[in-house]
C-alpha cells in the first residue's frame with residue numbers, strides 16, 4: 001500500500017473521538033486537522049508548561065528538552081505540541097526530544113506540521129532507539145494545499161526518542177504539532193458477506209458501526225427492489241444502517257444486530273405486501289418504535305421517503321422504478337449530497353412525484369439512465385434536468401462516479417454485483433457513510449467502463465470493500481477489473 005494512503009488513514013484515525021467517516025473523508029480530515037491546529041496555535045504557549053492536557057489529548061513540550069536525557073514524555077496515539085526557537089544562544093538550532101515506549105512489534109507512523117507550513121520543508125524529525133541510533137527519519141508528503149512531514153517505521157518493543165529540528169532560520173520561533181500512532185496495515189481487498197443477503201446486510205452494519213450505537217435504523221425488504229431503491233438517503237439522514245428483512249418474519253441475525261446497536265426506532269420502507277405487519281409487531285415487541293413509509297405504489301413510496309428526508313437543497317434524483325441498477329449507482333452520492341431519490345415511469349411522471357417536485361420547489365433534477373429508462377419527453381418535464389447515462393448500467397454507473405468525483409472520496413471504494421440488488425443496496429448505505437463511490441460490476445465478465453473507472457481512480461484508493469460472497473461476486477470477477 002502506498003505510504004500516502006496509509007498517512008491519510010492515519011490522519012483520519014487521529015481525529016477526536018466520535019468524529020467518523022460519516023462526517024469527514026480522510027483527506028478532509030487532514031485539512032481539518034491542519035485548520036484546527038492553526039486555529040488553536042495562539043493558545044499553545046500558555047499550555048505548554050502543563051505537560052499532558054487530557055481535554056486536548058496532547059502532550060506539551062517541557063523545556064529544557066534539548067538532550068535525550070531531558071526528553072519530554074509522550075505516548076503513542078496522542079498529539080505532541082511544541083515550538084522551535086532558533087536563536088543565537090543555541091547557534092540557531094533548537095533541538096527538541098520526546099520519549100515514548102512500545103511493548104510489542106508495531107508499525108509506527110508520525111506526521112508533523114509547523115504552525116506556518118512554509119517552514120515544513122526545513123523541518124527534520126528523526127526517531128532513535130535508546131542507544132541514540134537513528135531508526136527512521138522524516139520525509140515530506142505533498143498534498144494539494146499543504147505539505148506534511150512524516151516518519152514511518154517498523155519498531156521492536158523498547159524505548160524510543162523523537163528528535164525535532166528546523167533549519168529554516170537562525171532566529172525562527174514557530175509552533176509545531178506532531179501526531180504519532182501505531183497502525184495496522186490495511187488489507188487492500190476486504191470482503192463483507194454473510195450466509196445470505198440478510199446476513200450480508202448485518203455484516204455491513206457491523207462494519208459501519210463496529211463500536212458504536214445507532215438509535216435509528218432503516219429496514220427494507222430483501223425480496224424485491226422497488227420499495228427499497230429510495231432508502232439509502234434516508235439511512236444516511238438518520239445516521240443508521242440499512243438492514244433487510246423477509247416479508248413475513250424478521251431474521252434472527254437482524255434482531256441481534258438491532259439489539260447490539262441499541263436501536264430504539266425503525267423506519268420500515270414499503271407497504272404490508274413488502275413488509276408485513278407481523279414484522280412490525282416483532283419489532284414493537286422489542287420495544288422499538290416503528291414508522292412505516294409506504295404509498296399506493298413504488299412511486300408514491302419513494303415520495304413518502306422523500307417527504308421524510310426533505311429537499312432543502314432544491315435538488316432531487318429521478319430514476320426508473322422498473323429496474324434497480326441506476327438508482328443504486330447514484331444512491332450513496334444522493335445520500336451524501338442530501339438528494340432524495342424519486343422513481344418514475346419511462347413515459348410519464350407519476351402524479352405523486354410531480355406534486356412533490358412542485359411543493360418542495362425543486363429547481364434541479366438529476367435524471368439517471370438513458371432514454372430507454374426515462375424518455376426525453378418525460379425528462380424534459382422535470383425542472384433543471386441534467387441527464388447522466390451510459391450505454392448500459394455499468395457505463396451509467398461509471399458516468400455517475402466521474403460526474404461527482406469532486407463530491408466523494410475514492411480512498412475507500414465499494415464494489416458490488418450489478419446483476420442483483422440486495423448487496424448493493426445495503427452496501428450503498430455504508431458507502432454513503434464513508435463518502436465513497438459504489439462500483440457495480442458484472443459477476444462474470446468485467447465491463448470495459450467498469451475497468452476504466454477502477455483503474456482511473458486506483459492510485460487514490462487504499463481499500464476495496466467487496467460486497468457479498470463468492471457466489472454473488474467471485475474473486476475472479478474482481479481480478480478482471482485490475483488486469
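Counting only residues that are assigned to a loop (DSSP other than H, G, I, E, B) and touching a residue at least 12 places away in the same chain (Cβ under 8 Å), the range 372-382 holds 6 of them.
Of all residues in the range 447-463, exactly one satisfies the criterion of being modelled with pLDDT of 95 or more and assigned to a loop (DSSP other than H, G, I, E, B), namely 447. Scanning the range 284-320 for residues that are touching a helix residue (DSSP H, G or I) at 6+ places or on another chain (Cβ under 8 Å) and either assigned to a helix (DSSP H, G or I) or on the phi > 0 side of the Ramachandran plot (or both) turns up 298, 299, 300, 301, 302, 303, 305, 306, 307, 308, 309. Restricting attention to the range 56-101, and to residues there that are in a helix (DSSP H, G or I) and touching a residue at least 24 places away in the same chain (Cβ under 8 Å), which single residue is surrounded by the fewest Cβ atoms within 10 Å (Cβ to Cβ)? Here the residue is 88. All told, residue 134 falls short of being surrounded by 14 or more Cβ atoms within 10 Å (Cβ to Cβ), free of Cβ contacts under 8 Å to residues at least 40 places away in the same chain and assigned by TED's automatic domain parsing to the domain that holds residue 69.
Quick check on residue 384: is it at pLDDT 95 or above, on the phi > 0 side of the Ramachandran plot, buried (at least 16 other Cβ atoms within 10 Å of the Cβ) and in the same structural domain as residue 239 (by TED's automatic domain parsing)? Here the answer is no, as residue 384 does not meet what is asked.
Any chance the range 421-435 includes a residue that's in the same structural domain as residue 319 (by TED's automatic domain parsing), in contact with a helix residue (DSSP H, G or I) (Cβ under 7 Å, 6 or more places away or on another chain), on the phi > 0 side of the Ramachandran plot and not in a strand (DSSP E or B)? Scanning the range 421-435, I find at least one residue that is in the same structural domain as residue 319 (by TED's automatic domain parsing), in contact with a helix residue (DSSP H, G or I) (Cβ under 7 Å, 6 or more places away or on another chain), on the phi > 0 side of the Ramachandran plot and not in a strand (DSSP E or B), so the answer is yes. On the given criteria, is residue 119 assigned by TED's automatic domain parsing to the domain that holds residue 59, in contact (Cβ under 8 Å) with a residue 40 or more places away in the chain and either touching a helix residue (DSSP H, G or I) at 6+ places or on another chain (Cβ under 8 Å) or part of a strand (DSSP E or B) (or both)? Here the answer is no, as residue 119 does not meet what is asked.
The values are calculated or read from the model by the stated rules, or taken from the named source; none is laboratory data. Since the structure is predicted, the reported quantities are computational estimates derived from the model, not experimental observations. Counting neighbours? That spans all protein chains shown, and the Cβs are built from the backbone with ideal geometry, glycine included.
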